1. What pairs come out if I take residues in segment 25-50 that are in contact (Cβ under 8 Å) with a residue 60 or more places away in the chain and assigned by the TED database to the domain that holds residue 72 and pair them with residues that are acidic (Asp, Glu) and in a loop (DSSP other than H, G, I, E, B) whose C-beta lies under 8 Å away, six or more apart or interchain?
2. Would segment 115-132 turn up any residue that is assigned by the TED database to the domain that holds residue 179, β-branched (Val, Ile, Thr), at pLDDT 70 or above and loosely packed, with under 15 Cβ neighbours inside 10 Å?
3. Starting from segment 815-841, take each residue that is under 19 Å from residue 629 (Cβ atoms) and list its partners that are acidic (Asp, Glu) and at pLDDT 90 or above, counting only C-beta distances under 6 angstrom and pairs at least six apart or across chains.
4. In segment 521-551, how many are closer than 14 Å to residue 447 by Cα and open to solvent by less than 20 Å² (accessible area, probe 1.4 Å)?
5. Out of (1) closer than 26 Å to residue 643 by Cβ; (2) in the same structural domain as residue 375 (by the TED database); (3) free of Cβ contacts under 8 Å to residues at least 40 places away in the same chain, the odd one out for residue 431 is which?
6. Name the pairs: first residue in segment 292-318 and at pLDDT 85 or above, second residue open to solvent by 50 Å² or more (accessible area, probe 1.4 Å) and among the aliphatic types (A, V, I, L, M), Cβ to Cβ under 8 Å, at least 6 apart or on different chains?
7. Restricting the first residue to segment 65-88 and requiring it to be aromatic (Phe, Trp, Tyr), which pairs with a second residue that is in a loop (DSSP other than H, G, I, E, B) meet a Cβ separation below 7 Å and a spacing of at least six or different chains?
8. So which residues in segment 21-46 are more than 26 Å from the chain's Cα centre (by Cα), open to solvent by 50 Å² or more (accessible area, probe 1.4 Å) and not charged (D, E, K, R)?
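The values are calculated or read from the model by the stated rules, or taken from the named source; none is laboratory data. What you are looking at is a predicted structure, and each value in this text was computed from that prediction instead of being measured. Glycine also receives a Cβ, built like all others from the backbone with ideal geometry; neighbour counts cover every protein chain displayed. The area values use the complete protein model at the heavy-atom level, side chains included, leaving out ligands, DNA and RNA. Shrake-Rupley method; radii C 1.70, N 1.55, O 1.52, S 1.80 Å.
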Amino acid sequence: MKPQALIISDYHLLTSSVCQALQKVGCDISVVSGDNRWKTAPYNRLALAQVPLPSYVFILHRGEPRKLNPEVVKYLGLVSAKVVVVFTDAPKPVDRASYPFANISSRAKVFVLADLLSSKEGEVDSQLEKQIINALEKNSITADKDRDIFALTVGDATAEMVKELFTYWAPSFNYLGNKYEWRDLFSLLNHLTPNLSVHCPTSPLAAVDYRPTSAKENKGLPQVVEFLALSHKPALPPVPLQTPREPIKTDNKLKQFPLIIRARWAYSIVLGILVFLASPVVGVILSGLTLKMSAQALKAGGGVKVSNLARASQAISSYSLYTSRYLPGYSTVYQLADAEMISAKIITKSATVLTLSKSIADGVLGKHDYNLGDNARDLEILLSDAYVNTSSLLARIDTLPGFVQNLLKGEIDELRVARPYVLSASKIASKLPRLLGSFGSKKYLVLLQNNMELRPTGGFIGSFAIVTFDRGKLIDTEIMDVYAADGQLQGHVEPPAPIKKHLGEANWYLRDSNWSPDFPTSAARAEWFLDKTINRSVDGVVGINLETAKSLLKVIGDIEILDYGDTVNENNMYEKLQYEVENDFFPGSKKKANYLTALATSLLESAKDLQTGEYEPMLKEMRARLEAGDIQIFVHDTGAQNILKTLGWSGEFSEKPCVGNCEDILLGVVEANLGVNKANYHVSRESRATLSYTQGRLEAELVVNINNNADPNSSVPENRYKNYIRALAPFGAVFKDSGELDIQEYENRTEAGALVDINPGESKQVVFKWSLESDINFTIPGLMNIVYWKQPGVSEATTTISLRFPDAGEVVSSPPLSLTGGGQVGYNTNLAGIFKAEIRWKGNK
């Protein structure tokens with residue numbers, strides 16, 4: 001969806017120019033105006049009440065600022081967009097007292113363009129333009145007694161306005177332009193009108209808030225005066241003719257030069273032509289190298305170096321773009337230069353996003369005061385623009401020759417993967433103020449899950465935290481031992497049958513609340529227990545496990561836990577936690593909660609000291625953990641939850657059933673350690689799924705090989721893997737040997753579970769077989785969606801999916817199919833996250 005830009009203005013050359021510039025950067029333009037001159041413009045003309053919520057608002061008002069339409073002022077108080085207001089032809093000087101809508105000043109940048117100029121008479125009709133014309137025609141000019149001159153051409157003003165809409169946001173009020181004293185104008189006019197009569201004020205000029213322009217065009221006052229003089233300067237007396245000189249004879253002049261000189265001339269001309277022809281190619285190469293350096297600088301921490309390199313790349317590629325446009329046979333060079341220009345824009349925006357993200361993170365951690373609403377809005381706009389640029393770049397890449405695409409395959413693949421995340425990130429940014437307590441404090445339950453004692457959503461809930469955000473800041477982190485809460489549960493809650501049968505628990509507690517692999521279901525259950533035990537309500541639940549903590553330490557490095565004299569890093573974290581938390585533990589002890597609180601405090605303090613260059617690897621690590629399910633999020637805000645669901649970060653079985661000639665296939669296993677130990681420290685696994693279509697049925701076999709790599713001579717109770725394992729299948733699947741399995745059917749799946757004991761040093765193979773009625777037709781076009789569930793808390797495991805189906809004509813798969821053995825096709829994956837595949841066929845008719 002394109003960013004929405006709203007223009008509120010009568011027709012004006014500057015407004016029209018701003019519209020064209022916004023259209024070029026991908027904005028959808030809506031105009032609110034009663035001026036009929038807009039009728040021929042290719043923009044949406046709407047009433048104010050019909051305008052969709054905009055990202056940007058540009059207002060141009062001619063005349064007295066206080067007379068700005070009250071309906072417009074009211075509207076601006078309701079929208080959360082970037083607002084630029086321009087006053088022209090206002091009584092001078094305009095000051096802050098004339099500013100008509102202070103109630104929305106936190107969103108508006110106000111500029112006074114007192115002396116807007118154009119190279120053509122009548123296009124802007126400013127007071128200064130009239131004074132210059134009067135001086136040229138009548139030899140008389142009177143200086144403005146109130147202020148200096150702030151001259152700015154329409155081109156420069158357009159560049160400034162667009163730049164202001166897309167840069168960091170802070171309220172401002174300035175005269176904008178190139179500042180001149182009146183004597184500068186008098187001096188210019190004296191060269192054109194020697195008998196100029198000048199009238200100067202006797203009172204001192206008033207001081208105004210002034211900001212110089214940074215626009216590249218920067219023609220300013222002298223050039224405009226010269227342009228106007230061409231049509232308004234009085235005719236000069238004729239110059240007397242001079243006697244013609246004897247013409248110089250030039251016949252055979254060149255032949256009088258020595259041959260070597262003529263050869264050098266020819267050589268210089270040829271060399272110049274060759275250099276000109278080669279320069280676009282050289283420019284593309286130099287631009288590409290500069291672009292690569294800017295990308296490396298971005299990964300190293302961003303900063304001014306990234307912007308400088310990106311700007312240099314953009315300038316070089318711009319030269320190649322315009323020189324290759326008119327040269328035959330240079331289409332590939334032109335396409336590459338165009339792609340490099342957009343890439344430079346993306347890198348520049350990425351550097352700004354990185355800096356802004358760090359500022360928000362530092363603000364959340366209390367490192368500095370900040371305005372979350374403004375920062376989140378800026379971040380949303382930057383990410384939206386980056387998404388538009390990325391989409392544009394990918395479209396251009398698709399037109400490049402094959403050899404170029406193959407050469408850049410790695411970068412192109414990264415770009416395609418990142419693109420949807422950029423769009424989702426912009427949507428999440430819009431939700432940050434609501435999620436982080438800008439409109440009232442927000443509390444979240446954080447389940448601290450130990451994946452060395454594996455449970456369906458990532459691990460056993462040994463502890464939990466309640467974190468509180470208020471006005472965009474983390475103001476409290478309270479860590480509690482789960483047994484302290486479970487001890488306060490009143491009454492009986494019937495547990496799931498496997499917990500009662502194999503764990504020996506007659507009651508259901510918060511510590512076992514994550515029995516469902518569907519995280520929103522387990523999160524809602526955990527909230528219920530929290531309310532019933534300690535009478536606390538929250539606005540959402542986050543599940544994390546030890547892999548998340550290890551990823552944080554991987555970026556942060558060693559941290560000191562001063563109260564315990566410990567140094568913790570990613571390599572010794574589990575052992576330290578096991579020793580400090582589990583040794584001599586008993587229900588009711590505060591030892592575990594105290595140690596985890598000290599660890600969390602040290603982590604947060606270390607996070608405050610992260611440099612900008614460390615945020616990029618930190619964001620990558622957190623994204624990897626979200627993809628793996630080691631971080632799962634459930635929030636009550638419906639809009640935010642839908643975004644998380646789309647990204648696959650909510651941990652829910654959310655696939656919509658397909659419609660038509662298609663099939664949805666769910667595969668995977670879910671394990672739960674019911675041995676009350678940390679045996680998963682030693683466990684590894686690999687799995688294989690085989691799917692086959694025969695006589696209107698889908699037959700499936702799922703084989704899981706589980707290895708307990710603990711020392712065979714170690715203690716059996718401590719290292720035995722008492723594993724309640726469940727197979728996941730589509731709704732309606734019928735399992736073979738179902739009498740030996742616990743079968744549960746849900747709205748979107750069927751589960752079949754059994755208990756498997758694996759002693760130290762042993763391996764066991766678990767086999768599940770099921771079938772499903774299928775009316776899929778391979779003779780006509782169709783679709784198959786395969787999802788292999790990856791359980792949070794489980795490290796990467798080799799997984800093979802084999803397929804056998806009838807002749808279906810041309811078959812296309814994403815990701816591509818590969819041979820898996822035995823003449824079958826399928827997929828080989830390490831299952832770093834939930835695996836999804838889409839297979840389409842055209843049919844064999």
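1. Qualifying pairs under 8 Å: none.
2. There is no residue in segment 115-132 that is assigned by the TED database to the domain that holds residue 179, β-branched (Val, Ile, Thr), at pLDDT 70 or above and loosely packed, with under 15 Cβ neighbours inside 10 Å.
3. Pairs that qualify, where the first residue is under 19 Å from residue 629 (Cβ atoms) and the partner is acidic (Asp, Glu) and at pLDDT 90 or above, are 833/627.
4. Matching residues across segment 521-551 total 11.
5. Exception for residue 431: condition (3).
6. That search, which allows pairs on different chains as well, returns 309/293; 316/286.
7. 87/94
8. The answer is 34, 36, 40, 42, 44, 46.
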